[in-house]
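The values are calculated or read from the model by the stated rules, or taken from the named source; none is laboratory data. Please read these numbers as outputs of a predicted model, since none were measured by experiment. Positions of Cβ are backbone-derived with ideal geometry, glycine not excepted, and every protein chain shown enters the neighbour counts. To get the accessible areas, we keep the full protein, side chains included, count just its heavy atoms, and leave off ligands, DNA and RNA. Shrake-Rupley method; radii C 1.70, N 1.55, O 1.52, S 1.80 Å.
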Amino acid sequence: MNIEQFINALKEKGIVLTDKQLKQFDTYYHTLVEWNEKMNLTAIVNKEDVYLKHFYDSLTPSFDFDFHDQSLCDIGTGAGFPGVVLKIVFPKLRVLLVEPLNKRCVFLNSLIERLDLKDIEVLNVRGEDYSLGHREEYDYVTARAVSNLNNLIEVCGALVKKDGYFICLRGKDGRQEIETATKAIETMGFEVESIKDEQLFN
């Protein structure tokens, strides 16, 4: 996915990127590649692949949810997916990035400074530990390719406000994982509102 395809694909979904946001994504990409030479952030470094498999993929929840002026906690954010990506597109979104590996937190803080993002914080802690003292605090909780779904439902579910949403970005086996997590979903008193299959394209 080249830059023009990225812009047009989002425009089709009602998301029009500003020049500032496009520059932020460019800075994000170059910072990611730069730091990836020093630590393992991602196996994906080709620019078109990063824009498709990290940036575009991280934005797929925004096709169905309104992230304007809301609070979001991104568990196991890694290199900032989807939390930082959503913050770029929705600057009024209040974001907490939870990441257990300190070296990734160092990267995230440097990235946030380079992107000049406000109302976004990085916390070096395990999601399991953070959720114990912060129940029902967030409008949205996200997790992308983290842990197994049963654990995530318990950890992330505890953080979601009443009438809030836990948005879980999974891979090709996502539907099967949901079937095996039915008991955990019921135990937490939740319900699956929707399952979306997003086909990524080149």
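Key figures for this structure:
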quantity: Percentage, to the nearest whole number, of Cα pairs in region 35-101 over 16 Å apart; calculated: 49
quantity: Whole-number accessible area per residue in Å² for the chain, which is evaluated in the context of all protein chains at 1.4 Å; calculated: 53
quantity: Coil-residue trypsin sites (Lys or Arg not before Pro) of region 15-106, DSSP, other Cβ within 10 Å capped at 10; calculated: Lys38
quantity: The chain - charge dipole about Cα centre, Lys and Arg +1 at Cβ, Asp and Glu -1, debye rounded to 20; calculated: 380
quantity: Net dipole in debye of region 74-151 [+1 Lys, Arg Cβ; -1 Asp, Glu Cβ; about Cα centre; nearest 20]; calculated: 240
quantity: Surface share of carbon and sulfur [accessible, 1.4 angstrom probe, percent] for region 85-127; calculated: 47
quantity: Degrees, to the nearest 10: 3-12 long Cα axis against longest axis of the chain; calculated: 50
quantity: Approximate shape of the chain as ellipsoid semi-axes (Cα gyration tensor, √5λ), whole Å, largest first; calculated: 26, 19, 16
quantity: Charge dipole (debye, nearest 20) of region 12-127; +1 at Cβ of Lys and Arg, -1 at Cβ of Asp and Glu; calculated: 280
quantity: Spin-label pair Asp64/Val16, simplified geometry with 7 Å Cα→Cβ offset, distance in nm; calculated: 2.6
quantity: Hz values of 3J(HN,Hα) by residue in region 82-88 - Karplus curve (6.51, -1.76, 1.60), Gly and Pro given as x; calculated: x, x, 5, 4, 5, 5, 4
quantity: Residues whose placed amide H lies under 5 Å from that of Ile167, excluding near-sequence neighbours; calculated: Val141, Thr142, Ala143
quantity: Net +/- balance of residues flanking Leu96 in space, Cβ distance below 11 Å, scoring K and R +1, D and E -1; calculated: -3
quantity: Computed [θ] at 222 nm, helices only, for the chain once each DSSP H run of length n ≥ 4 contributes -39500 (n - 2.57); calculated: -11500 deg cm²/dmol
quantity: From phi via Karplus (6.51, -1.76, 1.60), per-residue ³J(HN,Hα) for region 67-75 in Hz, x at Gly/Pro; calculated: 9, 5, 6, 10, 10, 9, 10, 9, 8
quantity: Against the rule of thumb 2.2 N^0.38 Å, how large the Cα Rg of region 2-56 comes out; calculated: 1.18
quantity: Across Lys11/Lys87; Lys23/Lys87; Lys20/Lys87; Lys20/Lys53, pairs whose alpha-carbon gap is larger than 19 Å; calculated: Lys20/Lys53
quantity: Region 117-129 - phi-based ³J(HN,Hα) in whole Hz, Karplus 6.51/-1.76/1.60, Gly and Pro as x; calculated: 8, 10, 6, 9, 10, 10, 10, 8, 7, 6, x, 4, 6
quantity: For Gly78, residues with placed amide H under 5 Å, excluding near neighbours; calculated: none
quantity: 0 to 90° range, to nearest 10: angle between helix 102-115 axis and the chain longest Cα axis; calculated: 50
